[in-house]
1. Using a 10 Å cut-off around each Cβ, can you sort TRP32, TRP22 from fewest to most neighbouring Cβ atoms?
2. Can you put ASP45, ASP80 in order, fewest other beta carbons within 10 Å first?
3. Where does the chain land at 222 nm, in deg cm²/dmol rounded to the nearest 500, when only DSSP H runs of n ≥ 4 count, each adding -39500 (n - 2.57), divided by all residues?
4. What FRET efficiency, computed as 1/(1 + (r/R0)^6) with R0 = 30 Å and r the Cβ-Cβ distance, is obtained for LEU38 and LEU10, rounded to the nearest 0.05?
5. Working from Cα positions, state the angle (0 to 90°, nearest 10) between the long axis of helix 56-78 and the longest principal axis of the chain.
6. I need the P(r) histogram for the chain: all alpha carbon pairs, bin width 5 Å from 0 out to the longest distance, whole percents.
7. Within a 10 angstrom radius of the beta carbon, how do ILE40, ILE35 rank from fewest other beta carbons to most?
8. Using amide H atoms built 1.01 Å from N in the peptide plane, name the residues 5+ places from THR55, or on other chains, whose amide H lies under 5 Å from its own.
Amino acid sequence: MVTSLEVGALLVVLAVVFGAYWIVKAVKPFIWNAILGLAIFVLVDLLLGLEVTITPLALLVVAVGGVPGAVLVILLSVLDVAFVPGAAVFVH
């Protein structure tokens with residue numbers, strides 16, 4: 001005999017599983033963009049010798065912007081605006 005508590009527990013588990021599925025489905029493109037952006041940073045460093053400081057903000061820009069975001073981060077690094085290697089950050 002199946003009790004209402006067991007049915008309720010099953011419904012909660014199903015809701016959690018479907019919720020996790022939708023979250024993973026929504027986040028997956030951002031993860032792929034971030035991985036592709038990191039690969040672009042490595043290739044640019046190896047082929048052109050342009051270094052980019054990889055920070056959480058740089059990863060966020062690349063994850064949201066994709067390849068154009070990676071190009072933007074590289075240009076900002078080359079122009080010494082942001083993501084410059086060896087730049088000291090002082091927080092008071």
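1. TRP22, TRP32
2. ASP80, ASP45
3. Counting only the DSSP helices, I get -27000 deg cm²/dmol.
4. 0.15
5. For 56-78 against the chain, the angle is about 0 degrees.
6. Histogram of Cα-Cα distances, whole percents per bin: 3, 13, 17, 16, 10, 8, 7, 6, 6, 5, 4, 3, 2, 1, 0.
7. Placing the least packed residue first, the sequence is ILE35, ILE40.
8. Distant-sequence amide H within range of THR55: zero hits.
FYI, it's all coordinate maths here, none of it is from the lab. Keep in mind the model is a prediction, meaning the values are calculated, not measured. So basically every Cβ, Gly included, is an ideal-geometry build from the backbone, and we count neighbours across all protein chains shown.
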